[in-house]
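Visitor: Structure incoming, see below.
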Amino acid sequence: MTTPDLRRLEQFVAAMEEPSLAAAAGRLHLSQQALSAALRQLERELGTPLFTRSGRRLAPTAAARALYDGAPSVLSGARLLATRVRAAGAEKPRVFVVGRSPAVTADEAYEILEPLVDRPSSPSITVRELFPSAMLDELEGGTVDVVLRRGVSLPDRLAGATLTYHRMRVALHHDHPLAGRDSLALADLAASPIVVWAPPHTSFYTDFLVAQCRRAGFEPDLLVNRVQGTPPATAVLTSPHAAAFVTDPPGPRSGGRVVVVELDDAPQVPVQALWLPHTTDPVRAELLAAYPPA
């Protein structure tokens, strides 16, 4: 058994992702005959069938599904390596690009990246806001090097580590009945709708917030924020009767129209770094070394 080359691995991924062999061949600008021959060669190299065949229809075997679990990340890592090699050959300065989810503020991202910023030998760093739905595509496309998000579990096809934790607080409109309090318990929010940025089961952070409310003894009434990409505390400006969980420092926001209040029983909210598996990056390694596992 030999290791498949990247070209055949790319052909296999197309066959797995497209609805037919003809569509996969068209995506690769190959004839169906050439693609079929390449897939059979891949099966010979691996020593196991990848597809059962009925006419021109292919049904993946368990071996194919196992190969597909890792193949896209291997291909993305290879493309990323080639890009870096070409940039090094052209002597272009390295730019380390960090994507941050809207749940991680720009200030928090800067604080997390400070171990890199303080080193004169570190490359230029660019931080971009990145919505969760785009994280995998941008990492695999090589347009970002690492993503910062609120999360613990690992998405499919990505590697990651928890870097740090932030204390959760609550943002309230200045007209909210609880806005004058110095601090609150989570249970005090039972009568207030909770603003989130994505529906349950589509966002780790939303599910995390719902779990905290349930632990405090109430089922939250959720509102999905109608304005995306703005500072989290501003969510209550369009829903003054609601509350929003944030990690901002306590005090006024938005010219005094919003106030951030401490929570007595505040949970600690994780910040996770995500990257492509099967890749190495000295800048990423330096960042991770600044946050050793507890």
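Visitor: Tell me, what is the FRET efficiency for LEU6 and ARG214 to the nearest 0.05, using R0 = 45 angstrom and their Cβ-Cβ distance as r? It would help to have the intermediate numbers written out before the result.
Guide: Numbers: r = 47 Å, r/R0 = 1.04.
That gives a FRET efficiency of 0.45.
Visitor: With each pseudo-label sitting 7 Å past Cα toward Cβ, what's the ALA134-ARG257 distance in nm, one decimal?
Guide: A separation of 2.6 nm, rounded to one decimal place.
Visitor: How big is the charge dipole of region 93-185 about its Cα centre, in debye rounded to the nearest 20, if each Lys and Arg gets +1 on its Cβ and each Asp and Glu gets -1 on its Cβ?
Guide: With only Lys, Arg, Asp and Glu charged at Cβ, the dipole is about 160 debye.
Visitor: Just HIS201, HIS278, HIS176 to compare: in a GNM of the chain, with alpha carbon springs under 10 Å, which one fluctuates most?
Guide: For the chain, modelled as a Gaussian network with Cα springs under 10 Å, the answer is HIS201.
Visitor: Take each uninterrupted DSSP H stretch in the chain, measure its Cα extent along the helix axis, and return the ones at 18 Å or beyond whose mean Kyte-Doolittle hydropathy is at least 1.0.
Guide: On the way: long enough: 32-46 (21 Å, -0.45); 62-89 (41 Å, 0.43).
Long hydrophobic helices here: none detected.
Visitor: Continuing with this model, one more query. So for the chain: antiparallel DSSP bridges make up what percent, rounded to the nearest 5? Intermediate results must be reported in sequence, preceding the final value.
Guide: Details: 26 of 42 bridges.
Around 60 percent of the beta bridges assigned by DSSP in the chain are antiparallel ones.
Visitor: Now a separate question. Identify which of the listed values of Cα Rg over 2.2 N^0.38 Å was calculated from the structure shown: (1) 1.24; (2) 1.13; (3) 0.92.
Guide: Structure-derived value, by its label: (1).
Visitor: Next question, about the same structure. Using the Cα centre as the reference, give the magnitude of the dipole from point charges on the C-beta atoms of region 140-294 (Lys, Arg: +1; Asp, Glu: -1; all else neutral), rounded to the nearest 20 debye.
Guide: 140
Visitor: Moving on to the next point. Using a 10 angstrom cutoff on alpha carbons, build the Gaussian network for the chain and name the most mobile of HIS174, HIS29, HIS166.
Guide: HIS29
Visitor: Could you check the spin-label model distance between THR83 and ALA294? Points 7 Å from the Cα along Cα→Cβ, value in nm.
Guide: Here the modelled spin labels are 3.4 nm apart.
Visitor: Quick one: among LEU263, LEU58, LEU189, which has the greatest mean-square fluctuation in a GNM of the chain with alpha-carbon springs under 10 angstrom?
Guide: LEU58
Visitor: Continuing with the same structure: Need one number: % antiparallel among DSSP beta bridges in region 173-294, to the nearest 5.
Guide: Numbers: 4 of 11 bridges.
That works out to approximately 35 percent antiparallel.
Visitor: Find how many whole Å separate the alpha carbon centroid of region 262-294 from the alpha carbon centroid of region 126-180.
Guide: If you average the Cα positions of each part, the centres end up 11 Å apart.
Visitor: Can I ask one more? Which peptide among 266-276, 71-81 comes first, and what is the full order, when sorted by highest mean count of other Cβ atoms within 10 Å? Please report the intermediate quantities before stating the final value.
Guide: Values: 266-276: 19.7, 71-81: 18.0.
So the peptides 266-276, 71-81, ranked by packing, come out 266-276, 71-81.
Visitor: Modelled label-to-label distance, ARG57 and ARG181, 7 Å Cα→beta-carbon offset: nm?
Guide: A separation of 6.0 nm, rounded to one decimal place.
Visitor: Could you check how much of the accessible area of region 169-266 is carbon and sulfur, as a whole percent, using a 1.4 Å probe?
Guide: Values: 2440 of 4520 Å².
Heavy-atom surface of region 169-266 belonging to carbon and sulfur, 1.4 Å probe: 54 percent.
Visitor: Follow-up. Determine which residues of region 152-177 fall in the zone a paramagnetic label at THR238 would reach in this model, i.e. backbone nitrogen under 16 Å from the point 7 Å along Cα→Cβ.
Guide: 173
The values are calculated or read from the model by the stated rules, or taken from the named source; none is laboratory data. Treat the numbers as computed from the prediction; the structure is a model and nothing was measured. Glycine gets a Cβ as well: all are built from the backbone with ideal geometry, and neighbour counts include every protein chain shown. Ligands, DNA and RNA are stripped out before the accessible areas are found, and what is left, the full protein with its side chains, is counted by its heavy atoms. Shrake-Rupley method; radii C 1.70, N 1.55, O 1.52, S 1.80 Å.
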